[in-house]
């Protein structure tokens, strides 16, 4: 099993450009999450999807949208990138609220 | 969310035990204590979790104080691969948080050969 995969691994955007970060898991998990990690900081939750067909905002949702495409895939979209969105983005999945989360390797995004 | 307090950094020598402390004086009865670690340039990795009793798994042990206001993650024999940032996280089993993890700054563990 690949676990949680994320694409791309690295991305550089100019201010105002848009892009979609992709995340997929092959563990048949119900819940998926997007976090961001700024340098020297812990992770902060952007959005989560408790189950297929549902999404909810986390701590820092402004400037982002998400889509739970199916049970396996959860994408994060930046409609108009800003330098403040320069960060490392992690996707995670889990069976449900009581279980441990499995994280992907991250996408390093730089917005200039 | 209840808050946790961890030392910014700790050091250990290889093959020695490591005790990583965490204070959580405002913990509620439905908060589980979770530990994750993050190796350099990787995503976080689950280590262990517990509610009231001490817990052991293949990676580590978790010792929870009787009043649950503090806990200690124990790595029995540190290796160089254990060098990472260790996060102590309180995870509420109920409410609307839906299992979200709230990461603090964590403890940077350095392991010396």
State all residues of the range A:78-100 that are facing chain B (nearest Cβ under 8 Å), in contact with a strand residue (DSSP E or B) (Cβ under 6 Å, 6 or more places away or on another chain) and without any contact (Cβ under 8 Å) to a residue 60 or more places away in the chain; if no residue qualifies, say none.
-> A:100
Of the residues in the range A:55-77, those that are within 20 Å of residue A:100 (Cα to Cα), in contact with a strand residue (DSSP E or B) (Cβ under 8 Å, 6 or more places away or on another chain) and part of a loop (DSSP other than H, G, I, E, B) number 4
Reported set for the range A:54-65 where residues are within 12 Å of the chain's Cα centre (by Cα) and away from chain B (no Cβ under 14 Å) is A:64, A:65
Qualifying positions in the range B:38-53 - surrounded by 13 or more Cβ atoms within 10 Å (Cβ to Cβ) and either assigned to a strand (DSSP E or B) or away from chain A (no Cβ under 12 Å) (or both) | B:38, B:45, B:46, B:47, B:48, B:49, B:50
Check off (1) farther than 21 Å from residue A:40 by Cα; (2) free of Cβ contacts under 8 Å to residues at least 40 places away in the same chain for residue B:32 and give me the number that stays unchecked.
-> (2)
Odd one out for residue B:23 among (1) under 27 Å from residue A:36 (Cα atoms); (2) modelled with pLDDT of 95 or more; (3) crowded, with 18+ Cβ neighbours inside 10 Å | (3)
What do you reckon, is residue B:3 more than 25 Å from residue A:104 (Cα to Cα), within 14 Å of another protein chain (Cβ to nearest Cβ) and either in a loop (DSSP other than H, G, I, E, B) or more than 13 Å from the chain's Cα centre (by Cα) (or both)?
-> yes
Return the total of residues in the range B:98-113 being more than 10 Å from chain A (Cβ to nearest Cβ) and free of Cβ contacts under 8 Å to residues at least 24 places away in the same chain.
-> 0
Meets criteria (facing another protein chain (nearest Cβ under 9 Å), within 22 Å of residue A:103 (Cβ to Cβ), outside any loop (DSSP other than H, G, I, E, B) and touching a residue at least 40 places away in the same chain (Cβ under 8 Å)) for residue B:91 = yes
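The values are calculated or read from the model by the stated rules, or taken from the named source; none is laboratory data. Not measured: the values here are computed from a predicted model. For neighbour counting, all protein chains shown are included, and Cβ atoms are generated from backbone atoms with ideal geometry for every residue, glycine included.
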